[in-house]
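The values are calculated or read from the model by the stated rules, or taken from the named source; none is laboratory data. Computed from a prediction, not measured in an experiment: that's the story for all the values here. Neighbour counts are summed over all protein chains in view; Cβ atoms, including those assigned to glycine, are modelled from backbone coordinates with ideal geometry.
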Ligand SMILES: C[S@@+](CC[C@H](N)C(=O)[O-])C[C@H]1O[C@@H](n2cnc3c(N)ncnc32)[C@H](O)[C@@H]1O
């Protein structure tokens, strides 16, 4: 196992190098994924039913074990979250010399991926993770894997808990709150309710990763595909639409404690048939996951059908079972 941890350290350090090209990053992440999958059996064709079932939460869903394990292969997502979190840890160390940097990791998935990638680059005692995972299979696998890897010295504790409701004991101890529990345009997964629950429990100085998520919207007239199918995100690449600017800035929404709504007047609204939500994730410092770079930042396409008398479009993000930005016209 020592050999694998030494390779992990080497790979993670290479991933931090900003000169790395996409193909090299892909190769490294595929090698890490292959080895982790060998150890845990997740994503094997014979996986049990509970590896392929999402968990339905009070707000949104938690993705299943197999899909969570595959997130590593979303190259720029993994690389940029790794670079941002590494930078944030070093920054916290420089602000708090001689303190152990404590991370609250909400939604660790079956491979506790960011503990697995980061821990080998630090000495034990320099950083400690508290892991939360709501999916029982992912929780058990992560707990076992961290021990198998011999990285338990970096894991202060792990809890089978829903981060939307979790009460944080010793909340002042945390320097960093980390959660990659999001989908495009903040739909489906529970990042917003998780932040609404955890952020106010932590000290004012806590660093949140990702730092912000901003969603813009663009209107398009009908886009026709030769095969007659409903257009997909790729059909909108390079097509100039009518930009409505930013419609959701999460950091500002959180200051309003979650309630948020926006009305935008639009001339000739009824001529538009599609709306694309564009997501950008600011991870830490100037590290940003840009549009098209990741599954999370692919455009989310919605159909709209406004009547000729409609003059404006409303956006809302209600905290409901099905999470996402709601659109209506009037
Ligand atoms: C997108 S995956 C990411 C997995 C891993 N952290 C990574 O980045 O590769 C999100 C993980 O968060 C978990 N999760 C989602 N919502 C959660 C919640 N409310 N409480 C705890 N865990 C949650 C899911 O079960 C899943 O394992």
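General remarks:
- With respect to the stated conditions, residue 204 is part of a loop (DSSP other than H, G, I, E, B), more than 16 Å from the ligand (Cβ to nearest atom) and not assigned by TED's automatic domain parsing to the domain that holds residue 290.
- Set side by side, the residues 111, 159 differ, and just one is within 13 Å of the ligand (Cβ to nearest atom), surrounded by fewer than 22 Cβ atoms within 10 Å (Cβ to Cβ) and assigned by TED's automatic domain parsing to the domain that holds residue 34, which is 159.
- Test: residue 74 is touching a strand residue (DSSP E or B) at 6+ places or on another chain (Cβ under 6 Å) and either within 13 Å of the ligand (Cβ to nearest atom) or not assigned by TED's automatic domain parsing to the domain that holds residue 138 (or both): no
- Residues satisfying the stated conditions in the range 166-191, i.e. in a helix (DSSP H, G or I), under 22 Å from residue 87 (Cα atoms) and at pLDDT 95 or above: 191
- On the stretch given as the range 135-153, residues that are under 22 Å from the mean Cα position of the chain (by Cα) and either buried (at least 23 other Cβ atoms within 10 Å of the Cβ) or within 20 Å of residue 174 (Cα to Cα) (or both) total 5.
- Meets criteria (in contact with a strand residue (DSSP E or B) (Cβ under 6 Å, 6 or more places away or on another chain) and surrounded by fewer than 23 Cβ atoms within 10 Å (Cβ to Cβ)) for residue 100: yes
- Which listed residue is closer than 30 Å to residue 17 by Cα and part of a strand (DSSP E or B), from 296, 301, 313, 283: 283
- From the options 120, 97, residue that is more than 18 Å from the chain's Cα centre (by Cα), more than 9 Å from the ligand (Cβ to nearest atom), under 17 Å from residue 147 (Cα atoms) and not assigned by TED's automatic domain parsing to the domain that holds residue 298: 120
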